[in-house]
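Scroll down for the structure; my scribbles are underneath it.
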Amino acid sequence: MFATRIQPAPRQNSDLSLLLDELSKVSTRPRYAFMLLTLIADVAHANGSAGPYVRSECALVPLRDWLSDALTPIGARDTKRKALAVRVKAELESEGRLPTDPGEALAMVEEEVRDRIRSSGKTNLSRAVTELVKAGLLRRHYQGFAVDHLNRGAQRHAVYTLMGRAKCLLGRQAPKSARAARQGELLL
């Protein structure tokens, strides 16, 4: 007749919400940092390591270039980007390097803008990675020509490994075959 009220279990935060909370405390740009971690998780191996190369349009691209290019569309409507295209076109015209063919001129301007945006994007990426490394969410080392090394240079490329709470993003990955194709692995 008298039913006792069932008390709900105490609510526990999910790993993802805890990660977002941590990012809001350690990063100056938490949304950007989250997108960065998500992209890294998307191309990471099962151990959370991504890089030094990612397959992009049937070519192997250094991880930092791929991440920068992947994050570039976010600012596509940015007025600064449009102003950059106008500035680049004016610079190329003043240097006499702009082709007379409108199609070639447009392609040259777009390529120069893309190169400048990639360079700027890699700077933003490095700042975000440094914050994530300090927070213990990411480990960075360099791999390449001679041996694995903590410092860059000598034709070494960045390898990022998800650490701590950021590993919760690994469970949200694409199927193994898609990840393997992006990492440039052979599928058997």
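Summary of computed values
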{"read-out": "Test result for L84, more than 18 Å from the chain's Cα centre (by Cα), touching a residue at least 12 places away in the same chain (Cβ under 8 Å) and surrounded by 17 or more Cβ atoms within 10 Å (Cβ to Cβ)", "value": "yes"}
{"read-out": "Test for L132: is it outside any helix (DSSP H, G or I), surrounded by 17 or more Cβ atoms within 10 Å (Cβ to Cβ), on the phi < 0 side of the Ramachandran plot and in contact with a Leu (Cβ under 9 Å, 6 or more places away or on another chain)", "value": "no"}
{"read-out": "Options L187, L170: the member that is open to solvent by less than 40 Å² (accessible area, probe 1.4 Å), at negative phi and either among the aliphatic types (A, V, I, L, M) or at pLDDT below 55 (or both)", "value": "L170"}
{"read-out": "Those residues of the range 98-128 which are of a type in the set (V, I, T) and closer than 15 Å to A70 by Cα, in sequence order", "value": "I117, T123"}
{"read-out": "Residues of the range 72-112 satisfying the condition of being within 26 Å of T38 (Cα to Cα) and of a type in the set (V, I, T)", "value": "T72, I74"}
{"read-out": "Among the residues listed as S56, S68, the single one being at pLDDT 90 or above and within 28 Å of A128 (Cβ to Cβ)", "value": "S68"}
{"read-out": "Selection within the range 39-70 - under 8 Å from the mean Cα position of the chain (by Cα) and of a type in the set (S, T, N, Q)", "value": "S68"}
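Yes or no, residue by residue, for (1) surrounded by fewer than 18 Cβ atoms within 10 Å (Cβ to Cβ); (2) more than 15 Å from S126 (Cβ to Cβ):
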| residue | (1), (2) |
| --- | --- |
| E22 | no, yes |
| V26 | yes, yes |
| A33 | no, no |
| A41 | no, yes |
| H45 | yes, yes |
| Y53 | no, yes |
| L60 | yes, yes |
| R64 | no, no |
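The values are calculated or read from the model by the stated rules, or taken from the named source; none is laboratory data. Remember, predicted model here, so these are calculated numbers, not experimental data. So basically every Cβ, Gly included, is an ideal-geometry build from the backbone, and we count neighbours across all protein chains shown. Quick note on the areas: whole protein, heavy atoms, side chains included, nothing else; ligands and nucleic acids left out. Shrake-Rupley method; radii C 1.70, N 1.55, O 1.52, S 1.80 Å.
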